Every structure is written in structure tokens, then in C-alpha cells.
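What follows is a single structure, written as C-alpha cells, with notes after it.
What follows draws every value from the coordinates through simple rules; no lab data is involved. Since this is a predicted model, take the numbers as computed values, not measurements. Quick reminder, even Gly has a Cβ in these numbers, built from the backbone with ideal geometry, and neighbours come from all protein chains shown.
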Amino acid sequence: MSTMGEDDPRREIEQLEARIEQLAETIERCRKLMLIARAAIGAGGVLLVAALLGVIGSDPAVMIAATAAVLGGIVLSGSNRSTAEEANANLAAAEAERRSLIGRIELRLVGANGVSRPADRENLP
């Protein structure tokens with residue numbers, strides 16, 4: 001039978017695992033948006049250079065769109081980079097806290113005969 005002390009770390013671990021999953025999703029979303037931002041910067045840069053070299057007509061609408069793509073890509077990339085860095089720091093802290101909580105739980109190994117004994121922490125993965 002579990003005591004209240006054993007239940008609390010397990011609940012906290014479950015909550016931390018949910019938080020870790022959310023942070024991992026946030027980091028992945030930021031990574032994808034940073035790739036989109038880089039593509040926008042690249043496309044805008046190519047359009048600007050092409051317009052300046054006369055490869056395409058130097059239409060003001062093209063210049064505005066190209067400049068907006070470059071500037072928007074820079075802002076999007078920077079914003080998502082800082083969000084990803086913050087999420088990575090929070091992820092590392094949550095994983096460390098989870099490891100600490102797991103270390104406080106008295107693990108027991110159950111043998112083939114159904115008898116349990118305290119786990120040898122030295123040999124656990």
C-alpha cells in the first residue's frame with residue numbers, strides 16, 4: 001500500500017512529464033517557424049538583389065514586398081529563437097526536477113516469484 005509521501009512525487013512526476021511534453025512541442029514549433037523565417041529572408045533577399053540588378057522590374061510593390069519579407073523574417077526568427085531558448089532552459093529544469101523526484105522514490109524490484117525487494121540504485125539504468 002502506498003503512503004501519501006510516495007504518491008506526491010508520482011503526481012509531481014506526471015505533471016512534470018506533461019510539462020516536458022508541452023515544452024518539447026513548443027521547441028519544435030519554434031524550430032519550424034525559424035525555418036519559415038529563414039526562407040522568407042532568403043526569398044526577400046533574392047527579390048531585392050534581382051530588382052536592384054535589373055533582372056526583374058524595379059516595381060515599388062516588389063521592393064516593398066521583398067523588404068517586408070526580409071524584415072518580417074528577421075523579427076519572426078528572433079522572436080522564435082528567444083522563445084525556443086527559454087523553452088530549452090525550462091525543459092532542462094523540468095527534466096532535472098523529474099530526475100530528482102524519481103531519485104526520492106523507493107523503487108522495488110519484483111522477482112519471478114512475486115517477491116519484491118529494494119532496487120539496487122547502482123545497477124538501474
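Under a crude label model (7 Å from the Cα following the beta-carbon direction), how far is Ser100 from Ser79 in nanometres?
3.4 nm
Run the simple label-point estimate for Gln15 and Arg29 please: 7 Å along Cα→C-beta, distance reported in nm.
In this crude label model, Gln15 to Arg29 measures out at 2.2 nm.
What length, rounded to one decimal in nm, is gained on full extension from Asn88 through to Ser58, with 0.36 nm per residue of separation minus their alpha-carbon distance?
Taking Asn88 through Ser58 to full extension adds about 6.5 nm, to one decimal.
Output wanted: per-residue J couplings in Hz (rounded whole) for region 32-39, from phi through Karplus 6.51 cos²θ - 1.76 cosθ + 1.60, θ = phi - 60°, x for Gly and Pro.
5, 5, 5, 5, 4, 4, 4, 5
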